[in-house]
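Encoded as structure tokens, the structure appears first; notes follow it.
The values are calculated or read from the model by the stated rules, or taken from the named source; none is laboratory data. Predicted model, so just to flag it, every value in this text is computed and none were measured. Using ideal geometry, Cβ is built from the backbone for each residue, glycine included, and neighbour counts are taken over all protein chains shown. Quick note on the areas: whole protein, heavy atoms, side chains included, nothing else; ligands and nucleic acids left out. Shrake-Rupley method; radii C 1.70, N 1.55, O 1.52, S 1.80 Å.
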Amino acid sequence: MLDLTPDEWNAVRLSLKVGLWAMAGSLPLGILIALMLARGKFWGKSLLNGVVHLPLVLPPVVTGYLLLLSFGRRGPIGAFLAENFGIVFSFRWTGAALACAVMGFPLMVRAIRLSIEAVDRRLERAAGTLGASPAWVFATVTLPLILPGIVAGMILSFAKAMGEFGATITFVSNIPGETQTLPSAIYTFTQVPGGDASALRLTLISIAISMAALVVSEMFARKVGQRMVVE
């Protein structure tokens with residue numbers, strides 16, 4: 001039952017690769033956006049919040065189609081990146097990582113934002129009165145305090161990437177060895193005769209990885225919640 005075929009191993013490895021790149025690539029922007037939403041006071045904050053969380057309410061196929069229009073070879077962003085930097089997203093694993101990053105971004109931002117809002121601002125002000133610059137205060141005071149929220153957001157983003165299907169298959173199709181992640185591989189095996197065993201194996205692996213990610217994320221979320229109660 002656990003003896004995976006080469007195609008199944010490829011799907012597992014590619015899913016892990018896509019999930020890790022999606023998580024790591026969106027992290028810097030996720031921290032910045034979370035900080036803006038938690039602390040910023042500017043016109044359009046509600047609009048930014050709506051745009052960030054839009055992938056949660058849009059059908060994943062719509063998100064994938066919008067990515068195809070924007071980052072495809074003929075899209076304005078995709079054509080510019082391909083011609084000037086040689087970066088191609090459409091029908092590549094990099095496109096799968098981009099789609100997964102977009103779909104998991106709201107979960108990452110929300111977890112980090114809640115962690116930032118739980119920080120006692122008096123600690124930051126105290127560091128500022130001692131002569132520390134805002135950047136140094138963030139690096140030495142704020143960042144360590146919000147680290148559990150950052151880790152929780154990263155794990156949630158990774159778990160979402162492992163289960164993403166609609167946006168990915170719309171944007172980069174279902175190419176074995178290139179864009180066929182766990183969900184698309186499961187879908188493929190359910191459509192071919194004799195593929196039930198492979199689909200079941202990959203389903204169990206997907207459940208195990210996702211459950212482990214959610215359990216770890218909950219552990220870090222509890223740390224944030226405990227700090228809020230103490231404060």
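What do you get for Rg/Rh of region 6-84 when both radii come from the Cα atoms and Rh is the Kirkwood radius?
Taking Rh as the inverse mean 1/r over Cα pairs, Rg/Rh reads 1.06.
Calculate, in nm to one decimal, what V215 and R121 gain on full extension: separation in residues at 0.36 nm each, minus their alpha carbon distance.
Contour length minus the Cα-Cα distance gives 30.9 nm.
Could you work out the relative contact order of region 60-114, using alpha carbon pairs under 8 angstrom and six or more residues apart, expressed as a whole percent?
Relative CO of region 60-114 lands at 23 percent.
What is the P(r) of region 50-169, as percent of Cα-Cα pairs per 10 Å bin from 0?
That works out to 14, 31, 25, 20, 10, 1, in percent per bin.
Using only C-alpha atoms and all pairs of different ones, pull out the Kirkwood radius for region 81-231 in Å with one decimal.
When all Cα pairs of region 81-231 are included, the Kirkwood radius is 17.9 Å.
Take L16 and L147, extend 7 Å from each Cα along the Cα→Cβ direction, and tell me the distance between the two endpoints in nm.
With each label placed 7 Å out from Cα toward Cβ, I get 2.5 nm.
With a probe of 1.4 Å, find how much accessible area the chain has per residue, and write the answer as a whole number in Å².
For the chain, the solvent-accessible area averages 54 Å² per residue.
For a label point 7 Å from the Cα of L29 along Cα→C-beta, name the residues of region 41-60 whose backbone N is under 20 Å from it.
44-60
Tell me which of I87, G128, T168 sits at the most positive position along the dipole axis of the chain, charges placed on C-beta atoms (Lys, Arg +1; Asp, Glu -1).
Of I87, G128, T168, it is G128.
Magnitude of the Cβ-charge dipole of region 3-50, K/R +1 and D/E -1, about the Cα centre, nearest 20 debye?
560 debye
Could you compute the FRET efficiency for W43 and L130, with r as their C-beta to C-beta distance and R0 at 41 Å, rounded to 0.05?
It comes out at approximately 0.80.
Would you calculate a helix-derived [θ] at 222 nm for the chain, using -39,500 (n - 2.57) for each DSSP H run of n ≥ 4 and dividing by the full residue count, to the nearest 500?
-26000 deg cm²/dmol
If you average the C-alpha positions of region 96-150 and of region 1-59 separately, how far apart do those two centres end up, in angstrom?
17 Å
How high is the relative contact order of the chain, in percent, with contacts defined as C-alpha pairs under 8 Å that are six or more residues apart?
The normalised contact order for the chain reaches 30 percent.
What is the extension gain from V192 to A208, computed as 0.36 nm multiplied by their sequence separation minus the C-alpha to C-alpha distance, in nm to one decimal?
3.3 nm
When the accessible area of the chain is split by element with a 1.4 Å probe, what percent falls to carbon and sulfur?
69 percent
Using only Cα atoms and rounding to the nearest 10 degrees, what angle (0 to 90) does helix 6-39 make with the longest principal axis of the chain?
Relative to the chain, helix 6-39 is tipped by roughly 20 degrees.
Work out, in µm²/s and without decimals, the Stokes-Einstein translational diffusion coefficient of region 77-136 at 37 °C, 0.692 mPa s, Rh from Kirkwood over C-alpha pairs.
217 µm²/s
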